[in-house]
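Trainee: Below is one structure. I have some questions about it.
All of the numbers you see were taken from the coordinates with simple rules; none came from a lab. Because the structure is predicted, anything quoted here is derived from the model rather than measured. Cβ placement follows ideal geometry from the backbone for every residue including glycine, while neighbour counts extend to all protein chains displayed.
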Amino acid sequence: MMEEVEAVVMTGPGCALERRAFSAPSAKPGGAVLETIASEVCGTDVHLHHGRLSGVPYPIIPGHVNCGRVLETNGLLLDVEGRPIETGTLVTFFDVFGTCGNCWHCLVAKAATRCPHRRVYGITTSAEDGLLGGWAQRIEILPGVRVLPLPEGIEPLDFMGGGCGLPTGFHAVERAGIALGDTVVIQGSGPVGLNAVIFARLAGALRVFVVGAPKARLEAAKRLGAEDVLDIGEISNSADRIAWVRGRTAGRGADVIIEASGNPAAVPEGLEMLRDAGRYVVVGQYTDAGDVILNPHRHINRRHATILGCWGYEFTHLHRALQMMAYHNARFRWRDLMTREYRLEDAGQALLARIIHGHPAETRACR
Ligand SMILES: [Zn+2]
Ligand SMILES: [Zn+2]
């Protein structure tokens, strides 16, 4: 008899999650099968639930950042150093696959995260194509998907405490080109913002300030090395927040600002917090949350500002962020950033908890 495994399926935007049985996958040549240990419920899953991302082939099995144990391989499975990955090994994997290395974006622009062939587990993979998302008891690793063994000393829950904010925050900090002694403001205290605090400190920022909410996240930011935090629940006026940053930077503004808030209004506000000739990185606008008015003269031209977008992450960011985690885990304790753990069958509750966290919506049963 065919073995069955359970997965949680998002059938469409606004629909209640469904538990479905799938036949247990077997590894394709060059691929593998993981027994899922943990998967993430992140802001992206909320956006998926609200139908705010284009090109999503519902029904999908969400869960793009995952941890598992290698159950089965079909042929030699190697890590990036060329070492074989045995069955039983605790691993994560780079959720992006299909990046072609052969198109205009890959070859000319060298912008692999914009390759039109790129696909992502749990986001642009249909449940009809198999167990290609982490909200399932097993995950199928397709041939060519890069598997990363968890470094020694890193347990699945340490890694999940970083989640997709780990490589995303890493990428944003790399993009920002932080210099030794820089003063950095992070707008947003979600997983990306908190990981940006960590990597900004490691990149040599002398002073890091965080503008965000709620209190617990701001306390975490302080523990991770933020010098001071601004609670947007308490200081709700934009001009006061700008004055708060300027008051801490000799009236000049910060050298670097990383926007990780998801609120379009944060962008003109952040540009007012930026010093002349500073660098501004936008990583928080993962979905289209609307337009804002910029003043090109004041915000960009006269300020001599560098404004950088930051889309997704590449294997290099995940790999290096994971090595950094292994080295610095005693200091930053990523595991403590996890808000709650849920069982697979409680995925609906987990999603709702994320939604209540600032993304209210109704869930209905759909077929
Ligand atoms: Zn390509
Ligand atoms: Zn995520």
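Trainee: Determine whether segment 66-76 contains at least one residue that is away from ligand 1 (no atom under 16 Å from the Cβ), more than 21 Å from GLY122 (Cβ to Cβ), of a type in the set (A, V, I, L, M) and surrounded by fewer than 20 Cβ atoms within 10 Å (Cβ to Cβ). Give the derivation first.
Mentor: Within segment 66-76, the first condition is being away from ligand 1 (no atom under 16 Å from the Cβ), and the residues that meet it are 66-76.
Imposing the further condition that a residue be more than 21 Å from GLY122 (Cβ to Cβ) reduces the set to 73-76.
Now restrict to residues that are of a type in the set (A, V, I, L, M): 76.
Pick out the ones that are also surrounded by fewer than 20 Cβ atoms within 10 Å (Cβ to Cβ) and you get 76.
So far as segment 66-76 goes, yes, one or more of its residues are away from ligand 1 (no atom under 16 Å from the Cβ), more than 21 Å from GLY122 (Cβ to Cβ), of a type in the set (A, V, I, L, M) and surrounded by fewer than 20 Cβ atoms within 10 Å (Cβ to Cβ).
Trainee: So how many residues does segment 20-43 have that are in contact with a strand residue (DSSP E or B) (Cβ under 9 Å, 6 or more places away or on another chain) and either among the β-branched types (Val, Ile, Thr) or assigned to a helix (DSSP H, G or I) (or both)?
Mentor: 3
Trainee: Then there's this: Taking segment 91-145, which residues are farther than 18 Å from ILE61 by Cβ, away from ligand 2 (no atom under 15 Å from the Cβ) and outside any loop (DSSP other than H, G, I, E, B)?
Mentor: Narrowing segment 91-145 to residues farther than 18 Å from ILE61 by Cβ: 91, 99-118, 143-144.
This time we only want the ones that are away from ligand 2 (no atom under 15 Å from the Cβ), so: 91, 99-112, 114-118, 143-144.
Those that are farther than 18 Å from ILE61 by Cβ, away from ligand 2 (no atom under 15 Å from the Cβ) and outside any loop (DSSP other than H, G, I, E, B): VAL91, TRP104, HIS105, CYS106, LEU107, ALA112, ARG114.
Trainee: Then there is this: Only one residue in ALA200, ALA226 is crowded, with 21+ Cβ neighbours inside 10 Å, touching a helix residue (DSSP H, G or I) at 6+ places or on another chain (Cβ under 6 Å) and outside any loop (DSSP other than H, G, I, E, B). Which one?
Mentor: On the way: ALA226 fails: outside any loop (DSSP other than H, G, I, E, B).
Matching residue, one of ALA200, ALA226: ALA200.
Trainee: Considering segment 17-43 alone, what residues qualify as being more than 16 Å from ligand 2 (Cβ to nearest atom) and touching a helix residue (DSSP H, G or I) at 6+ places or on another chain (Cβ under 7 Å)? Steps first, please.
Mentor: So in segment 17-43, the residues more than 16 Å from ligand 2 (Cβ to nearest atom) come out as 17-35, 37.
LEU17, ARG19, ILE37 - these are the residues of segment 17-43 that are more than 16 Å from ligand 2 (Cβ to nearest atom) and touching a helix residue (DSSP H, G or I) at 6+ places or on another chain (Cβ under 7 Å).
Trainee: Being within 17 Å of the chain's Cα centre (by Cα), part of a helix (DSSP H, G or I) and either crowded, with 16+ Cβ neighbours inside 10 Å or charged (D, E, K, R) (or both) is the filter here; which residues of segment 316-346 pass it?
Mentor: HIS317, LEU318, HIS319, ARG320, ALA321, LEU322, MET324, MET325, TRP334, ARG335, ASP336, LEU337
Trainee: Could you tell me which of the residues GLY98, GLY82, GLY30 is small (Gly, Ala, Ser) and within 25 Å of the chain's Cα centre (by Cα)? Give the steps one after another, and end with the answer.
Mentor: Numbers: GLY82 fails: within 25 Å of the chain's Cα centre (by Cα); GLY30 fails: within 25 Å of the chain's Cα centre (by Cα).
Just a single option satisfies the conditions, and that option is GLY98.
Trainee: Test VAL245 against the stated conditions and say whether it is more than 21 Å from the chain's Cα centre (by Cα), assigned to a helix (DSSP H, G or I) and among the β-branched types (Val, Ile, Thr). Spell out how you get there, then give the answer.
Mentor: Details: more than 21 Å from the chain's Cα centre (by Cα): yes; assigned to a helix (DSSP H, G or I): yes; among the β-branched types (Val, Ile, Thr): yes.
Considered against the rule, which asks whether it is more than 21 Å from the chain's Cα centre (by Cα), assigned to a helix (DSSP H, G or I) and among the β-branched types (Val, Ile, Thr), VAL245 comes out as yes.
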